1. Helix-only mean residue ellipticity at 222 nm, chain A, DSSP H runs n ≥ 4 weighted -39,500 (n - 2.57), per residue, nearest 500. What is it?
2. What's the average, rounded to a whole number, of partner chain beta-carbon atoms within 10 Å of each residue's beta-carbon in A:98-108?
3. P(r) for segment B:63-156, please, calculated from all Cα pair distances in 5 Å bins and given in %.
4. For segment A:49-136, what is the charge dipole size about the Cα centre, in debye to the nearest 20, if Lys and Arg each add +1 at the Cβ and Asp and Glu each add -1 at the Cβ?
5. When averaged across all projection directions, what area in nm² does the alpha-carbon convex hull of segment B:108-223 cover?
6. Can you give the local net charge around B:E160? Use residues other than it whose beta-carbon is closer than 13 angstrom to its beta-carbon, Lys and Arg +1, Asp and Glu -1.
7. If eta is 1.306 mPa s and T is 10 °C, what Stokes-Einstein diffusion coefficient results for segment A:134-193, Kirkwood Rh from Cα pairs, in µm²/s?
8. Tell me which residues come under 5 Å, amide H to amide H, from B:S39 once H is placed; ignore anything under 5 positions away on its chain.
Number of protein chains: 2
Amino acid sequence: MAHREFKDRLYGEFARIGKAVASPQRLEFLDLLAQREWSVEELANETDQSIANASAHLKVLRTAQLVETRRDGSYIYYRLADQNVVRLWQAIRDIGQERLAEIDRIVDQFMAGRDDFQPVDAQTLLNRLHEDDVLLLDVRPKAEYDQGHLPGARSVPIDELESHLEELDPDREIIAYCRGPYCLFADEAVELLRQRGFQARRMADGLPDWRMAGLPVQREGVNE
Amino acid sequence: MAHREFKDRLYGEFARIGKAVASPQRLEFLDLLAQREWSVEELANETDQSIANASAHLKVLRTAQLVETRRDGSYIYYRLADQNVVRLWQAIRDIGQERLAEIDRIVDQFMAGRDDFQPVDAQTLLNRLHEDDVLLLDVRPKAEYDQGHLPGARSVPIDELESHLEELDPDREIIAYCRGPYCLFADEAVELLRQRGFQARRMADGLPDWRMAGLPVQREGVNE
DNA sequence: AGACTATTCAAAGGATCGTTTGAATACTGG
DNA sequence: CCAGTATTCAAACGATCCTTTGAATAGTCT
């Protein structure tokens, strides 16, 4: 085969990106980084690993150019380098969801009764946003809401949901969303809300998917 | 962090897909499998590796459910399991192209003068297909053409191009395409054609990208 | 059924990766 | 300039991955 050196070097470079997504820890980072920027320490805490180890994984992601950094005060914040990285993570997620039976089993075990939550897809939801009968709840931590959220969504982090129940209009259907299709916050929110007599469902995906679909994202009152 | 077991198992599963794309050899396989189905032996020959080794890599791809097999006679043919696998490969390719400086360098070295070939993108080409002033040349091996090609394209494998030059209309602009943006066949075709006085350019991407864009693909005279 | 052959398996080596530990670095903020 | 701290580095270990080799398997075809 001619041009072998060209191909070896070329595919070798692309494989650096493949290697970057070849670890559970790094994929979890990407999922989190799709929500907002995080410091090394925050990521280490959120994912239960040592700071040195988190730093090593981040280095791999940075070498493959999937993430970028900026310094603010004494913290270094990591963010995705590109919306294409979300595309990459979505492609992996979609293949896994569609083809890996083991993922079904895990979801059945830990997101029991998920189908009862009648997940709403983004497009359907967009159409209903103009009607005024639906209340959108962003149940992610506040820091993620602040970096961008669905238009008109209200931030009620899952931990604070119980103490804000009386502020919610019981006549409007509530749709909760969080980080993505495998984020448990929305499931927990729907479960709690239904127990207390609300009509509630979850959105199928999360904010990054909404954004990738080209739908409008709100941030500090300004539309993107 | 609660739900750690859920996340570990879930991201662990997704990482199997990541691991599958973490090797240059397997990425090259995916690029080839996006063109047509191949037997183990064909893939091993095309990529200059031993059959046992190719078989081992294919096993990884199959375990991650990126490829499927069928038997025909005494050969086992591997094919992509899903169009989503092309999406995955495209996402990796796009990130690499946009962000890895080393890839630029490799392309400059081995695809010298590429920009002179004035690559045409798919959408532009689609519009010109209806006019009759352009001749589309599929310079991939015949077997790949047979599994699907651009509407109206003529198959002239790069090895046979020289001996078919006199059959080509010198008054029509020729657009050559092959496997993808990093496939050298189209570059070689354009170079040869221009030397012989033809007006020639290459298409920027390959057939799989054309198909993924939702554009029509022809196969054995039937449109897809 | 038996010869043939494409593919897979098993074992073994060398290389690479993941994690931990403790120290070094680099920047901040006063 | 100095103290403090978030982050990175270096070394070392075990685990995993890649490749080769030779044998085993599982089908086909006569």
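Bear in mind that the values in this text are calculations on the coordinates, not laboratory data. This is a predicted model, so every value here is computed, not measured. Positions of Cβ are generated from backbone atoms using ideal geometry, with glycine treated the same way; all protein chains shown enter the neighbour counts.
1. -14000 deg cm²/dmol
2. Details: counts 4, 9, 7, 2, 5, 5, 1, 2, 8, 2, 0.
Taking all residues of A:98-108 together, the mean is 4.
3. Pair shares across the bins are 2, 9, 11, 15, 19, 19, 14, 7, 3, 0.
4. Dipole about the Cα centre, nearest 20: 780 debye.
5. Its Cα hull, projected and averaged over all orientations, spans 6.9 nm².
6. Result for the local shell: -3.
7. In µm²/s, the coefficient rounds to 138.
8. Counting only residues 5 or more places away or on other chains, the set is B:Y78.
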